[in-house]
Amino acid sequence: MPADLWGLPCGAKTRSGTPCKITALYFGGRCKWHGGLSTGPKSEAGKEQSRINGRKGGRPKRQKPES
Ligand SMILES: [Zn+2]
């Protein structure tokens, strides 16, 4: 962690809309609750799943096992 980042608050936007004030930051400059923004799907399988999720109808519902 670079010394000039010490004491800076996390600053991530919380659910209530206010910036996070936690100053105990982890690598990446965010606190333990806020890992930073999502970097999106990395693998080809992840990208494909992402496309499926965005399609009309969304991802197929999991079938209940027949009993
Ligand atoms: Zn935070």
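Given the criteria modelled with pLDDT of 75 or more, more than 16 Å from the ligand (Cβ to nearest atom), out of contact with any Cys (no Cβ under 9 Å at 6 or more places or on another chain) and of a type in the set (A, V, I, L, M), does ALA3 qualify? It is false that ALA3 is modelled with pLDDT of 75 or more, more than 16 Å from the ligand (Cβ to nearest atom), out of contact with any Cys (no Cβ under 9 Å at 6 or more places or on another chain) and of a type in the set (A, V, I, L, M).
Considering (1) in a loop (DSSP other than H, G, I, E, B); (2) at pLDDT 85 or above; (3) surrounded by 10 or more Cβ atoms within 10 Å (Cβ to Cβ), the lone condition that SER50 does not fulfil carries the number (1). Inside the stretch 11-26, residues that are at pLDDT 80 or above, part of a loop (DSSP other than H, G, I, E, B) and within 13 Å of the ligand (Cβ to nearest atom) make up a count of 11.
The values are calculated or read from the model by the stated rules, or taken from the named source; none is laboratory data. Only a predicted model underlies this, so the values are computations on that prediction, with no experimental measurement involved. Cβ coordinates were reconstructed from backbone atoms using ideal geometry, including for glycine residues, and neighbour counts include every protein chain displayed.
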